[in-house]
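What follows is a set of notes on a single structure, which appears directly below.
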């Protein structure tokens, strides 16, 4: 009797302790006192930023604080590599940021999970007093929209063009390539090989979905079918695109740049001269300038050589408000502030990347000659690339599709499978992921 | 008298509960509640934001139909089998050598234990640079006229590269544990064996190994549990690639959590728990049988 009473007492103690601990947990509902329902934002604004040391967001905080002195801003710089883990933990544990920088390639998964706030509703279709539709290009608007609602506001955009060593092109009498055939010929003229192996001046071949998508789109292909239910990247356009990527490795003119090489920017290869050409977005301009200042004046940018049509993946950084943000009023005010033309120019000024709003893109600051690029003004080229770029499909299983394609591309480039077999395997995985999402 | 005894018993019970309360709160908050919640979530479709939807065993069934999970499972089993074959064997060899009276024994003991004291992330980062196609390992091979290899970029070698690094990092721990156990085996047993004419190998088989049995159980149980949970070195060195060749159960779990598939991630956690509980029970049973 006494023993059973003791056991009961212990059980009751555990249950009470559990209830006590559970009641101490945070609530996921927005705090009513944290912000006014409309008008002046108050309370605390939490910002998570992955831009790094060259962020345009941190300098903007001081100016924003002057406008809203009653607001407390909790700014956290978060490493890009671990940002998704932190963001997932934050939103699922009820402790999300109010504003987060999210890579546009992460948006489909989070949007389809219902994690991102409906910015169409929050903004009333207006950004800083003007219609949002008039402030972004059609491609950007498409990338920012999920099921008819805006889920993010692009801060910078990413669309690919060809970076090349203009000094070497001039020295070797190589013409800037406009087509795939010319591109291969230029790579052969440029490369210095030994025993069929590249020694220096190669084209950087990256085994990822971004670069495969670039070639796929240029070759008239698509990743998924019209209603996003089936993979079509393993069609003839995709197979030819992948085979074309591999041809650079086969003829010793390409540098395979796997994840073991470090970051995908390829700075190590650029500095030791292994890389003389690469396809990448405007953010690389800033990285080149800060990481390889000794190569100032040697680089130039040209439109990516094409097979059938221009095309690129469209990405960048989206300013995003989680659906369970504690202070959505302040969050939207801050997002609007970051997208004013003067703050948007900070994206170029500090991060060396391309601002996404039309007003900023046409600023004289961005179109003036850049000494690093031999007096060229490369932004116009990226702007043209954006006009024909395509965002990734909005499917919940996008991360699985992305992994399947990257695996297929890697497998083919390493010669483990033929291009057709590698893409067929990736397509099977993609179809199951889409069916099970 | 009876009333006094009863009050004393109650007082003792209250004191007892008060003393264990901090541990109970911590265990309840950080172990029991998460475990119960996780078990429930594994039976639901849940993203941490919207309410969980009951799906029964769907997450468990779907896991074994997902080629990525199956690959993660087989990779992890390969990691455990190779790691736990090579690691303890090398650790024991090192311990046997360090148990001898050699000059500079203290230095060797420190040197072999040093990687254990270093952060796994640091170790993995350094090895990632060493194993890079342009890294020191290939440069050294080049001195001997051997062609280098992209160890971490090639799907057929990446997992083995991760295993080598893991074994290297854990070797010191195993060696020190075995060394402590070796020193606890009475010298008299070796002396008796010598008198009976046992050579070094027979002394090892009939004296050393039986003396190490509890330590072997400890090393294998801890080692297998740790190996099944391999994550840090994979995250730093390969991110599960190339082509899923180094994807492991825990890396897959984190990947699903990152995509906010909390139901699926919880199911992975329970599959792992089941595997580890079964293996640990088998190991205890085997060692018990041999001990009796």
Can you pull out every residue in segment A:238-265 that is part of a loop (DSSP other than H, G, I, E, B) and surrounded by fewer than 22 Cβ atoms within 10 Å (Cβ to Cβ)? A:251, A:252, A:262, A:263, A:264, A:265
Among (1) in the same structural domain as residue A:98 (by TED's automatic domain parsing); (2) modelled with pLDDT under 95; (3) within 28 Å of residue B:49 (Cα to Cα), the one test that residue A:139 misses: (3)
From the list B:167, B:162, which residue is over 22 Å from residue A:197 (Cβ atoms), within 13 Å of another protein chain (Cβ to nearest Cβ) and out of contact with any strand residue (DSSP E or B) (no Cβ under 6 Å at 6 or more places or on another chain)? B:162
Considering segment A:61-113 alone, what residues qualify as being more than 25 Å from residue A:397 (Cβ to Cβ) and facing chain B (nearest Cβ under 10 Å)? A:94
Go through segment A:151-174 and give me each residue that's surrounded by fewer than 23 Cβ atoms within 10 Å (Cβ to Cβ) and farther than 23 Å from residue A:285 by Cβ. A:172, A:173
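Is it true that residue A:147 is farther than 17 Å from residue A:47 by Cβ, surrounded by fewer than 17 Cβ atoms within 10 Å (Cβ to Cβ) and away from chain B (no Cβ under 14 Å)? Outline the logic, then answer.
Details: farther than 17 Å from residue A:47 by Cβ: yes; surrounded by fewer than 17 Cβ atoms within 10 Å (Cβ to Cβ): yes; away from chain B (no Cβ under 14 Å): yes.
Spelling it out, residue A:147 is indeed farther than 17 Å from residue A:47 by Cβ, surrounded by fewer than 17 Cβ atoms within 10 Å (Cβ to Cβ) and away from chain B (no Cβ under 14 Å).
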Failed item in (1) within 22 Å of residue A:340 (Cβ to Cβ); (2) at pLDDT 85 or above; (3) surrounded by 12 or more Cβ atoms within 10 Å (Cβ to Cβ), with residue A:70 passing the rest: (3)
If we scan segment A:193-216, do we find a residue that is more than 28 Å from residue B:245 (Cα to Cα) and buried (at least 19 other Cβ atoms within 10 Å of the Cβ)? yes
Residue selected from segment B:118-137 under the condition within 11 Å of chain A (Cβ to nearest Cβ) and in a loop (DSSP other than H, G, I, E, B), by the criterion surrounded by the most Cβ atoms within 10 Å (Cβ to Cβ): B:131
Within segment A:114-129, restricting to residues that are away from every other protein chain (no Cβ under 14 Å) and part of a loop (DSSP other than H, G, I, E, B), the one that is nearest to residue A:77 (Cα to Cα) is A:128
So the check is Cβ under 7 Å with 6+ separation or different chains; which pairs have a first residue in segment A:132-146 that's farther than 15 Å from residue A:387 by Cα and a second one that's in a loop (DSSP other than H, G, I, E, B) and modelled with pLDDT under 90? A:146/A:394
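The values are calculated or read from the model by the stated rules, or taken from the named source; none is laboratory data. Bear in mind the structure is a predicted one, so any value in this text is a computation, not a measurement. Because the Cβ atoms are built from the backbone with ideal geometry, glycine has one as well, and the counts that use them run over all protein chains shown.
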